[in-house]
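One structure is given here, and the rest of the page talks about it.
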Amino acid sequence: ELLVHTGGYKLLFILHTGVRVGEALALTWADYDEYSKTIVIDKNMVYADGQKILQTPKTESGERVIILNKQAVHDLQMLHRQFDEQTKAIEQRMADELREAELKYAGAEQKSVKRAIKEKYEAIMREHKYICGSSNFPFGSGVSTSINQAHQKICKKIGLTHKATVHGLRHTYVTHYYIKHKNDPDFDLATFSKSIGHSSIRTTMEIYAHLDMTQNRFVQRSLEDLKDF
């Protein structure tokens, strides 16, 4: 049921990358590199006074390159299928409107109407570049409210009883990644901190030192495992 929802793969992409909602909404297909399986985070989308505004990250640490995992790459593949389908829908609508203009108008008036139609769809195509954009026509850049609504619907559908926010997907990602990979020989806390956009490695250390302490409650120990005073 999760994946049937039009916003499902956008939410999964946030879960599988740990990016902030504003960062996800600002991503375009130009930010993804298929060869290296990386994505560039260098902007943030905010919504103020009814307008979508692109901003640069507040701190230098906000700009980063993320090496994607297998799940995130799969999410992007599914999102690109949606993108291709939406592109065809835009092109078909434009063709239909141009055909209608040819039947309805003639001469200079027809040229003027067709020019206006083309300009309208050129503007739509300029907006139709965002990975996590709107799933409804005209498929422009999305806003956090639409992502939140999709998240709430999915949470209700799967019977989640406690409150869970979209931002919580980011915490879920970084927590699970840290627990699963902290003992890998190539794991580096500084690199991990940079990849999730923390302003300081100290921030990461404080969060995950607490997580390590909590995890200690789930490890069985005998007397022989304990250290002497």
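The values are calculated or read from the model by the stated rules, or taken from the named source; none is laboratory data. The model shown is predicted, which means the values in this text are computed figures rather than measured ones. Here the Cβ is made from the backbone with ideal geometry for all residues, glycine too, and neighbour counts use every protein chain on show. What goes into the accessible areas is simple: the full protein's heavy atoms, side chains included, and nothing from ligands, DNA or RNA. Shrake-Rupley method; radii C 1.70, N 1.55, O 1.52, S 1.80 Å.
Taking the criterion of being modelled with pLDDT under 70 and acidic (D, E), the only residue of region 203-226 that qualifies is D212. Pick out the one residue from S134, S193, S200 that is open to solvent by less than 70 Å² (accessible area, probe 1.4 Å), of a type outside the set (V, I, T), under 30 Å from A95 (Cα atoms) and modelled with pLDDT of 75 or more. Exactly one residue qualifies, and that residue is S134. Looking at Y9, Y35, Y47, just one residue is among the aromatic types (F, W, Y), open to solvent by 20 Å² or more (accessible area, probe 1.4 Å), out of contact with any Gly (no Cβ under 7 Å at 6 or more places or on another chain) and free of Cβ contacts under 8 Å to residues at least 12 places away in the same chain, and that residue is Y35. Can you tell me how many residues in region 148-190 are open to solvent by less than 50 Å² (accessible area, probe 1.4 Å), assigned to a helix (DSSP H, G or I) and of a type in the set (V, I, T)? Selection size over region 148-190: 3.
All told, A30 falls short of being of a type in the set (A, V, I, L, M), out of contact with any Cys (no Cβ under 7 Å at 6 or more places or on another chain) and over 28 Å from Y121 (Cβ atoms).
Here is a yes/no grid of residues against (1) closer than 30 Å to D49 by Cβ; (2) of a type in the set (K, R); (3) touching a residue at least 60 places away in the same chain (Cβ under 8 Å):
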{"site": "C155", "(1), (2), (3)": "yes, no, no"}
{"site": "I158", "(1), (2), (3)": "no, no, yes"}
{"site": "I179", "(1), (2), (3)": "no, no, no"}
{"site": "L189", "(1), (2), (3)": "no, no, no"}
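For region 66-81, a residue qualifies if it is open to solvent by 50 Å² or more (accessible area, probe 1.4 Å) and in contact (Cβ under 8 Å) with a residue 60 or more places away in the chain, and exactly one does: I67.
Here is a yes/no grid of residues against (1) without any contact (Cβ under 8 Å) to a residue 60 or more places away in the chain; (2) within 20 Å of T87 (Cα to Cα); (3) touching a helix residue (DSSP H, G or I) at 6+ places or on another chain (Cβ under 8 Å):
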| residue | (1), (2), (3) |
| --- | --- |
| E97 | yes, yes, yes |
| E109 | yes, no, no |
| S112 | yes, no, no |
| A116 | yes, yes, no |
| S134 | yes, yes, yes |
| F137 | yes, yes, yes |
| H162 | yes, no, no |
| G168 | yes, no, no |
